[in-house]
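Input: a single structure, listed below in structure tokens.
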Amino acid sequence: MSKPKLFAIGNRVAYSAAFLKSTGQRTGWAPFARGTVTGTEPFGNRVLVSIKWDDVPEIKTVLDANLTLVGRIGIDAALA
């Protein structure tokens, strides 16, 4: 298992290419979703990240392994 990614409040995030690929989400909302981290909390040996998505009114939580920083989208896609 990989070590948890570190996300801080205020980071801009997106779903990771590996997560999108593994769930078959090549079109629709998820590949284009962008949001801002509003908080984090431990979840076993992972971290749940609270996100205010740009186009969604309520805050959602996502497992850290399924996210990437917006600035790393291209790098992570090449590795997926």
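The values are calculated or read from the model by the stated rules, or taken from the named source; none is laboratory data. Just so it is clear, the model here is predicted, and its values are computed rather than measured. All Cβ positions, even for glycine, are placed from backbone atoms using ideal geometry, and neighbour counts span all protein chains on display.
Considering only residues in the range 49-80 that are over 15 Å from SER16 (Cα atoms) and not basic (Lys, Arg), the one that is surrounded by the most Cβ atoms within 10 Å (Cβ to Cβ) turns out to be SER50.
Out of the residues in the range 57-80 that are free of Cβ contacts under 8 Å to residues at least 12 places away in the same chain and hydrophobic (A, V, I, L, M, F, W, C), which is farthest from GLN25 (Cα to Cα)? By that ranking, first place goes to ILE75.
Within the range 36-61, restricting attention to residues that are under 17 Å from GLY10 (Cβ atoms) and of a type in the set (Gly, Ala, Ser), the residue that is farthest from the chain's Cα centre (by Cα) is GLY39. Hey, any hits in the range 52-72 for a residue that's in a loop (DSSP other than H, G, I, E, B), modelled with pLDDT under 95 and among the small types (Gly, Ala, Ser)? No, every residue in the range 52-72 fails to be in a loop (DSSP other than H, G, I, E, B), modelled with pLDDT under 95 and among the small types (Gly, Ala, Ser).
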